[in-house]
Each structure stands twice: as C-alpha cells, then as structure tokens.
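As structure tokens, the structure follows; a few thoughts come after it.
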Amino acid sequence: MKSIVVLISGGGTNLQAVIDEIHNTDEPGQISAVISNKADAYGLQRAQQADIATHVFTFQKGGSREAFDREIMNQIDEYKPDLVVLAGYMRILSPEFVNHYMGRMINIHPSLLPEFKGLHTHQRALDAKVPYHGASVHFVTPELDDGPVIIQGKVPVEASDTAESLQKKVHVQEHVIYPTAIKWFCHDRLCMLDGKAYLDNKELDSAGNPIST
Ligand code: GRF
C-alpha cells in the first residue's frame with residue numbers, strides 16, 4: 001500500500017477525485033494526510049469528510065521560504081510518503097524541498113505543457129488562439145512547471161469559450177488524468193529516471209506518450 005500526502009491551497013476538486021478514485025477504493029494507495037497553506041481551503045473539509053488527517057501551515061510575511069518548506073517537509077515525512085501529490089498548491093517550492101522528493105512528487109498544471117507555464121493559463125490559451133488546451137500531470141523538478149510529463153488531457157477550444165468555460169472543461173480532464181497517473185504510480189508502473197518519465201519501462205515523450213523504439 002502506497003502512502004500518499006496531498007498538498008493543497010484551495011477548493012480541492014482534484015483532491016476529491018483522488019479520494020473517490022483511489023483512497024476510497026481497493027487501489028493500493030491511501031492518502032495519509034492533506035496539508036494546506038491556507039486555513040480556509042475547502043479541500044480541508046473534503047479531507048475531513050473522508051477521515052483523512054489534515055495540517056495547516058501558514059506562511060508569515062517576511063519569513064524564510066526555506067524554513068517554511070522545511071517545517072512542511074518534516075510534517076510530510078512523518079507519514080513516510082511514497083508519493084507527494086501537489087493538487088492546486090499555490091506556492092513556489094524551495095530547491096531543497098523539490099530535491100528531497102525528486103521522483104516521488106507530482107503536480108497537475110492547467111495547460112498542455114510546455115505551453116503556458118505559470119499562471120492565467122486559460123486566458124493565455126484564448127489570447128494565443130490555440131485550437132487545443134488542456135492539463136498535464138508531471139514529475140516536479142527544480143524549474144517551475146518543467147518536469148517530465150506523465151499524461152495530458154486535451155480539450156478543443158471553441159470560438160465561444162471564455163476563460164471560465166475553458167477552466168471547467170479542463171477541470172473535467174484533470175479529474176480523469178490525475179487519478180490515472182497516481183494509480184500507475186501505486187501499481188509501480190511509473191517512475192522518473194535521469195529526468196525522464198517512464199511508464200511500464202517505456203520512456204514518455206513531451207506529451208506523455210510512450211516513445212516507440
Ligand atoms: C487546478 O486547475 C490545477 O491544474 C492547478 O490548480 C487547480 C486546482 O484546482 N494546479 P482544485 O483545487 O483541485 O479544484
């Protein structure tokens with residue numbers, strides 16, 4: 001059974017998908033704890049409803065990012081996690097934090113990486129008039145939104161789309177691809193080696209598809 005720790009900052013719809021698809025099923029993965037940097041994150045209530053331990057760490061203005069991240073690391077490590085899942089965790093992580101969990105920490109980003117790293121991805125996709133938008137699950141490496149992609153979910157961009165409508169469509173994809181990636185990890189099918197993602201021992205390309213050899 002894999003121990004999973006989930007980090008959130010907000011509503012936690014992705015957390016809910018992981019609770020429904022993995023935690024509350026026979027999958028070999030359990031969420032040991034949910035950690036938030038916001039005391040009012042609705043995701044904390046979702047965790048409590050599922051009887052999952054929760055912890056809140058609030059960053060104090062003027063504090064050190066390194067010290068804050070170290071506090072969270074200490075808490076996470078009490079759960080001896082096999083996997084750390086970032087699910088809408090809105091903080092830039094210190095290099096020490098990222099290095100500590102390298103190969104066992106994943107994130108979901110609302111764009112088809114490498115397009116639109118950073119914030120406001122839905123509006124930027126509209127402005128760029130791309131035909132497709134979506135979300136990517138990737139291993140976390142020191143550079144922001146840059147680690148190897150594991151799986152992507154695509155949606156067509158319609159002329160009538162707004163940032164809100166796109167966000168809704170992308171969320172639907174997120175709730176499918178995040179549990180999928182986590183199940184792969186729990187079944188020992190997924191790993192990161194030398195900065196590359198592998199599924200069933202096959203290297204994945206930049207869109208998360210197996211590279212045929
Ligand atoms: C998602 O859009 C995810 O891609 C991004 O943060 C958002 C979290 O949403 N990293 P939720 O809290 O899971 O509803």
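The values are calculated or read from the model by the stated rules, or taken from the named source; none is laboratory data. What you see is a predicted model; the values in this text were computed from it and never measured. Positions of Cβ are generated from backbone atoms using ideal geometry, with glycine treated the same way; all protein chains shown enter the neighbour counts.
Taking every residue in the range 12-31 that is over 16 Å from His187 (Cβ atoms) and pairing it with any residue that is charged (D, E, K, R) and not in a strand (DSSP E or B), at least 6 positions away or on another chain, the pairs with Cβ-Cβ distances below 6 Å are Gly12/Arg46; Asn14/Glu174; Leu15/Arg46; Gln16/Arg46.
Given the conditions (1) touching a Leu at 6+ places or on another chain (Cβ under 6 Å); (2) more than 12 Å from the ligand (Cβ to nearest atom); (3) of a type outside the set (Asp, Glu), which single one is not true for Lys183? It fails just one condition, (1).
In the range 114-124, the count of residues that are touching a Ser or Thr at 6+ places or on another chain (Cβ under 7 Å) and either more than 30 Å from Lys202 (Cα to Cα) or in a loop (DSSP other than H, G, I, E, B) (or both) is one or more. Counting residues in the range 24-41 that are away from the ligand (no atom under 16 Å from the Cβ), among the β-branched types (Val, Ile, Thr) and surrounded by fewer than 18 Cβ atoms within 10 Å (Cβ to Cβ) gives one or more. In the range 162-178, the residues that are small (Gly, Ala, Ser) reach residues that are assigned to a helix (DSSP H, G or I) and within 11 Å of the ligand (Cβ to nearest atom) with C-beta atoms within less than 7 angstrom, at least six apart or across chains, in these pairs: Ala163/His122. Of the numbered conditions (1) touching a strand residue (DSSP E or B) at 6+ places or on another chain (Cβ under 7 Å); (2) modelled with pLDDT of 95 or more, Asp145 fails exactly one; give the number of that condition. In the conditions (1) touching a strand residue (DSSP E or B) at 6+ places or on another chain (Cβ under 7 Å); (2) modelled with pLDDT of 95 or more, Asp145 misses (2) alone. When the test is whether a residue is of a type in the set (D, E, K, R), within 15 Å of the ligand (Cβ to nearest atom) and touching a Lys or Arg at 6+ places or on another chain (Cβ under 9 Å), Glu21 passes it. Of the residues screened, Lys169 is one that is buried (at least 17 other Cβ atoms within 10 Å of the Cβ), within 16 Å of the ligand (Cβ to nearest atom) and basic (Lys, Arg). For Val98, are the conditions met, namely being modelled with pLDDT of 95 or more, of a type in the set (A, V, I, L, M) and surrounded by fewer than 19 Cβ atoms within 10 Å (Cβ to Cβ)? The answer is yes for Val98.
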